[in-house]
Amino acid sequence: MSLLSDMKAENLVPPDRPGAPPATRPYRMVSRSQAAEQTRQAIIQAAFSLYSERDFDQVSLDDVAARAGVAVRTLLRRFGSKEALLDAVAEAGDREIDDRRQEVPAGDAAAAVRCVVADYEGYGDAIMRLLSQEDRAAAFGRIAERGRRLHHAWVERAFAPQLARRSGATRRRLRAQLIAITDVYTWKLMRRDLGLGRSATIETLREMVAGVIGEPTGGAG
(Lines give C-alpha, C1' and ligand atoms only; values in the text may rest on other atoms or scores of the structure.)
Protein backbone atom coordinates (compact mmCIF):
# COMPACT_ATOMS: atom_id res chain seq x y z
CA MET A 1 0.00 0.00 0.00
CA SER A 2 1.33 3.45 -0.87
CA LEU A 3 1.82 6.28 1.59
CA LEU A 4 -1.11 8.12 -0.01
CA SER A 5 -3.35 5.07 0.44
CA ASP A 6 -2.26 4.76 4.08
CA MET A 7 -3.20 8.38 4.72
CA LYS A 8 -6.64 7.93 3.14
CA ALA A 9 -7.28 4.79 5.21
CA GLU A 10 -6.37 6.62 8.40
CA ASN A 11 -8.77 9.42 7.53
CA LEU A 12 -11.62 6.96 6.93
CA VAL A 13 -11.26 5.05 10.23
CA PRO A 14 -11.34 7.22 13.37
CA PRO A 15 -8.58 6.08 15.79
CA ASP A 16 -10.96 5.92 18.78
CA ARG A 17 -13.59 3.78 17.03
CA PRO A 18 -14.02 0.34 18.66
CA GLY A 19 -12.09 -2.29 16.80
CA ALA A 20 -10.11 0.22 14.78
CA PRO A 21 -6.41 -0.62 14.30
CA PRO A 22 -3.97 1.53 16.28
CA ALA A 23 -2.62 4.58 14.50
CA THR A 24 0.73 3.85 12.85
CA ARG A 25 1.67 7.31 11.64
CA PRO A 26 3.91 8.21 14.66
CA TYR A 27 5.73 4.90 14.29
CA ARG A 28 6.26 5.48 10.58
CA MET A 29 7.53 9.00 11.26
CA VAL A 30 10.08 7.68 13.77
CA SER A 31 11.13 4.91 11.40
CA ARG A 32 11.60 7.37 8.56
CA SER A 33 13.59 9.69 10.81
CA GLN A 34 15.85 6.85 11.89
CA ALA A 35 16.28 5.65 8.33
CA ALA A 36 17.12 9.19 7.18
CA GLU A 37 19.76 9.53 9.90
CA GLN A 38 21.24 6.14 9.03
CA THR A 39 21.44 7.20 5.39
CA ARG A 40 23.07 10.48 6.37
CA GLN A 41 25.68 8.71 8.50
CA ALA A 42 26.36 6.18 5.74
CA ILE A 43 27.03 9.01 3.29
CA ILE A 44 29.30 10.82 5.74
CA GLN A 45 31.25 7.63 6.46
CA ALA A 46 31.59 6.86 2.76
CA ALA A 47 32.80 10.38 2.03
CA PHE A 48 35.27 10.25 4.92
CA SER A 49 36.80 7.00 3.70
CA LEU A 50 37.11 8.32 0.15
CA TYR A 51 38.56 11.67 1.24
CA SER A 52 41.09 9.70 3.29
CA GLU A 53 42.18 7.82 0.17
CA ARG A 54 42.14 10.57 -2.46
CA ASP A 55 42.24 14.33 -2.83
CA PHE A 56 38.95 16.20 -2.85
CA ASP A 57 38.95 16.88 -6.59
CA GLN A 58 39.53 13.19 -7.29
CA VAL A 59 36.33 12.14 -5.47
CA SER A 60 33.03 12.60 -7.28
CA LEU A 61 29.54 12.56 -5.87
CA ASP A 62 28.99 9.39 -7.89
CA ASP A 63 31.91 7.80 -6.00
CA VAL A 64 30.45 8.75 -2.63
CA ALA A 65 26.94 7.64 -3.53
CA ALA A 66 28.18 4.29 -4.82
CA ARG A 67 30.18 3.57 -1.68
CA ALA A 68 27.29 4.63 0.55
CA GLY A 69 24.84 2.55 -1.47
CA VAL A 70 22.52 5.46 -2.30
CA ALA A 71 21.53 7.44 -5.36
CA VAL A 72 23.27 10.73 -6.12
CA ARG A 73 19.91 12.52 -5.86
CA THR A 74 19.58 11.17 -2.30
CA LEU A 75 23.01 12.54 -1.45
CA LEU A 76 22.17 15.95 -2.90
CA ARG A 77 18.83 16.01 -1.09
CA ARG A 78 20.66 15.45 2.22
CA PHE A 79 23.63 17.78 1.69
CA GLY A 80 23.02 20.00 -1.32
CA SER A 81 26.55 20.08 -2.74
CA LYS A 82 29.96 18.44 -2.64
CA GLU A 83 31.36 21.30 -0.56
CA ALA A 84 28.52 21.04 1.97
CA LEU A 85 29.20 17.32 2.26
CA LEU A 86 32.86 18.06 2.97
CA ASP A 87 31.82 20.45 5.74
CA ALA A 88 29.51 17.80 7.22
CA VAL A 89 32.29 15.21 7.20
CA ALA A 90 34.69 17.62 8.91
CA GLU A 91 32.12 18.67 11.52
CA ALA A 92 31.31 15.03 12.33
CA GLY A 93 35.00 14.27 12.79
CA ASP A 94 35.51 17.35 14.94
CA ARG A 95 32.59 16.41 17.18
CA GLU A 96 33.81 12.87 17.65
CA ILE A 97 37.34 13.98 18.49
CA ASP A 98 36.17 16.80 20.76
CA ASP A 99 33.75 14.53 22.65
CA ARG A 100 36.52 12.02 23.31
CA ARG A 101 39.03 14.67 24.33
CA GLN A 102 36.62 16.23 26.80
CA GLU A 103 36.84 12.99 28.79
CA VAL A 104 40.53 13.59 29.58
CA PRO A 105 40.85 14.85 33.18
CA ALA A 106 42.45 18.28 33.36
CA GLY A 107 46.09 17.93 34.37
CA ASP A 108 46.43 14.24 33.43
CA ALA A 109 49.26 14.56 30.93
CA ALA A 110 49.60 10.83 30.30
CA ALA A 111 45.88 10.51 29.48
CA ALA A 112 46.11 13.52 27.19
CA VAL A 113 48.94 11.93 25.22
CA ARG A 114 47.12 8.60 24.93
CA CYS A 115 44.00 10.41 23.75
CA VAL A 116 45.65 12.42 20.97
CA VAL A 117 47.54 9.39 19.70
CA ALA A 118 44.26 7.42 19.61
CA ASP A 119 42.65 10.29 17.69
CA TYR A 120 45.44 10.46 15.16
CA GLU A 121 45.54 6.69 14.69
CA GLY A 122 41.94 6.97 13.50
CA TYR A 123 41.97 10.35 11.76
CA GLY A 124 45.59 11.42 11.36
CA ASP A 125 46.13 10.39 7.76
CA ALA A 126 42.83 11.96 6.71
CA ILE A 127 43.71 15.18 8.56
CA MET A 128 47.12 15.31 6.88
CA ARG A 129 45.52 14.86 3.46
CA LEU A 130 43.07 17.67 4.22
CA LEU A 131 45.86 19.96 5.39
CA SER A 132 47.80 19.28 2.20
CA GLN A 133 44.89 20.82 0.27
CA GLU A 134 44.44 23.80 2.58
CA ASP A 135 45.53 26.37 -0.01
CA ARG A 136 43.33 24.99 -2.81
CA ALA A 137 39.95 26.22 -1.65
CA ALA A 138 38.42 28.37 1.06
CA ALA A 139 36.54 25.37 2.46
CA PHE A 140 39.77 23.57 3.32
CA GLY A 141 41.23 26.63 4.98
CA ARG A 142 38.08 27.12 7.04
CA ILE A 143 38.03 23.49 8.16
CA ALA A 144 41.73 23.50 9.01
CA GLU A 145 41.42 26.71 11.03
CA ARG A 146 38.46 25.32 12.98
CA GLY A 147 40.48 22.21 13.79
CA ARG A 148 43.36 24.32 15.05
CA ARG A 149 41.07 26.34 17.30
CA LEU A 150 39.58 23.18 18.78
CA HIS A 151 43.03 21.71 19.38
CA HIS A 152 44.38 24.86 21.00
CA ALA A 153 41.34 25.17 23.26
CA TRP A 154 41.67 21.53 24.29
CA VAL A 155 45.37 21.95 25.16
CA GLU A 156 44.47 24.86 27.42
CA ARG A 157 41.84 22.76 29.18
CA ALA A 158 43.76 19.47 29.34
CA PHE A 159 46.89 21.13 30.72
CA ALA A 160 45.14 23.87 32.70
CA PRO A 161 46.85 23.07 36.05
CA GLN A 162 50.31 23.07 34.48
CA LEU A 163 49.63 26.29 32.57
CA ALA A 164 48.19 27.93 35.68
CA ARG A 165 51.59 27.62 37.39
CA ARG A 166 53.13 29.87 34.73
CA SER A 167 52.43 33.41 33.68
CA GLY A 168 53.30 35.86 30.95
CA ALA A 169 55.86 34.79 28.36
CA THR A 170 56.65 31.57 30.25
CA ARG A 171 53.03 30.47 30.03
CA ARG A 172 52.84 31.40 26.33
CA ARG A 173 55.93 29.32 25.58
CA LEU A 174 54.61 26.30 27.49
CA ARG A 175 51.26 26.55 25.71
CA ALA A 176 53.04 26.66 22.34
CA GLN A 177 55.21 23.67 23.28
CA LEU A 178 52.22 21.57 24.35
CA ILE A 179 50.29 22.47 21.20
CA ALA A 180 53.25 21.44 19.04
CA ILE A 181 53.95 18.20 20.89
CA THR A 182 50.34 17.05 20.64
CA ASP A 183 49.81 18.27 17.07
CA VAL A 184 49.02 15.92 14.20
CA TYR A 185 52.23 16.91 12.43
CA THR A 186 54.26 15.56 15.37
CA TRP A 187 52.28 12.31 15.31
CA LYS A 188 52.88 12.05 11.57
CA LEU A 189 56.60 12.61 12.04
CA MET A 190 56.84 9.85 14.64
CA ARG A 191 54.52 7.30 13.05
CA ARG A 192 54.92 7.80 9.32
CA ASP A 193 58.31 9.46 8.79
CA LEU A 194 60.36 7.83 11.57
CA GLY A 195 58.44 4.57 11.68
CA LEU A 196 57.80 4.40 15.42
CA GLY A 197 55.06 2.07 16.60
CA ARG A 198 52.02 3.32 18.45
CA SER A 199 53.36 2.49 21.92
CA ALA A 200 56.74 4.02 21.15
CA THR A 201 55.02 7.16 19.87
CA ILE A 202 53.00 7.44 23.08
CA GLU A 203 56.15 7.05 25.16
CA THR A 204 58.07 9.59 23.07
CA LEU A 205 55.32 12.21 23.29
CA ARG A 206 54.88 11.54 27.00
CA GLU A 207 58.60 12.13 27.57
CA MET A 208 58.45 15.33 25.56
CA VAL A 209 55.48 16.58 27.58
CA ALA A 210 57.20 15.66 30.85
CA GLY A 211 60.23 17.61 29.74
CA VAL A 212 58.34 20.85 29.16
CA ILE A 213 55.96 20.68 32.13
CA GLY A 214 58.75 19.63 34.48
CA GLU A 215 56.93 16.71 36.06
CA PRO A 216 56.62 12.95 35.46
CA THR A 217 53.67 11.72 33.39
CA GLY A 218 53.62 8.08 34.46
CA GLY A 219 54.80 4.88 32.83
CA ALA A 220 53.69 3.09 29.70
CA GLY A 221 49.94 2.74 29.28
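The values are calculated or read from the model by the stated rules, or taken from the named source; none is laboratory data. None of the values given here were measured: they were computed from a predicted structure. Note: ideal-geometry Cβ built from the backbone for every residue, glycine included; neighbour counts use all protein chains shown.
All but one of (1) under 30 Å from residue 85 (Cα atoms); (2) in contact with a helix residue (DSSP H, G or I) (Cβ under 9 Å, 6 or more places away or on another chain) hold for residue 212, so report the exception by its number.
(1)
Please tell me if residue 181 is farther than 30 Å from residue 85 by Cβ and buried (at least 17 other Cβ atoms within 10 Å of the Cβ).
yes
State whether one or more residues within region 50-62 are assigned to a helix (DSSP H, G or I) and of a type in the set (Val, Ile, Thr).
The answer is no, given that none of the residues of region 50-62 is assigned to a helix (DSSP H, G or I) and of a type in the set (Val, Ile, Thr).
Does residue 106 satisfy the criteria of being in contact (Cβ under 8 Å) with a residue 60 or more places away in the chain and surrounded by 13 or more Cβ atoms within 10 Å (Cβ to Cβ)?
So residue 106 does not fit the description; no.
Just one of the numbered conditions (1) under 29 Å from residue 38 (Cα atoms); (2) without any contact (Cβ under 8 Å) to a residue 60 or more places away in the chain; (3) surrounded by 14 or more Cβ atoms within 10 Å (Cβ to Cβ) is not true of residue 124; which one?
Status for residue 124: all satisfied but (2).
What are the pairs, 6+ residues apart or on separate chains, where a residue within region 43-59 that is within 17 Å of residue 136 (Cα to Cα) has its Cβ under 7 Å from a residue that is among the aromatic types (Phe, Trp, Tyr) and assigned to a helix (DSSP H, G or I)?
Between residues of region 43-59 that are within 17 Å of residue 136 (Cα to Cα) and residues that are among the aromatic types (Phe, Trp, Tyr) and assigned to a helix (DSSP H, G or I), the close pairs are 59/51.
Any residue at all in region 162-180 that's within 14 Å of residue 117 (Cβ to Cβ), in the same structural domain as residue 145 (by TED's automatic domain parsing) and within 22 Å of the chain's Cα centre (by Cα)?
no
Right, residue 118: modelled with pLDDT of 95 or more and either more than 17 Å from the chain's Cα centre (by Cα) or of a type in the set (Asp, Glu) (or both) or not?
For residue 118, the condition - modelled with pLDDT of 95 or more and either more than 17 Å from the chain's Cα centre (by Cα) or of a type in the set (Asp, Glu) (or both) - is not met.
Restricting to region 169-221, name every residue that is farther than 21 Å from residue 148 by Cα and part of a loop (DSSP other than H, G, I, E, B).
Passing the criteria: 194, 195, 196, 197, 214, 215, 216, 217, 218, 219, 220, 221.
Name the residue, out of 148, 157, 198, 191, that is within 30 Å of residue 92 (Cβ to Cβ) and crowded, with 18+ Cβ neighbours inside 10 Å.
After ruling out the rest, the residue left standing is 191.
Going by the structure shown, is residue 100 modelled with pLDDT of 90 or more and either acidic (Asp, Glu) or more than 25 Å from residue 208 (Cα to Cα) (or both)?
Taking the combined requirement at face value, the residue does not satisfy it.
Just for region 98-128: of the residues that are touching a Cys at 6+ places or on another chain (Cβ under 9 Å) and in a helix (DSSP H, G or I), which one is nearest to residue 216 (Cα to Cα)?
Applying the filter and picking the extreme gives 101.
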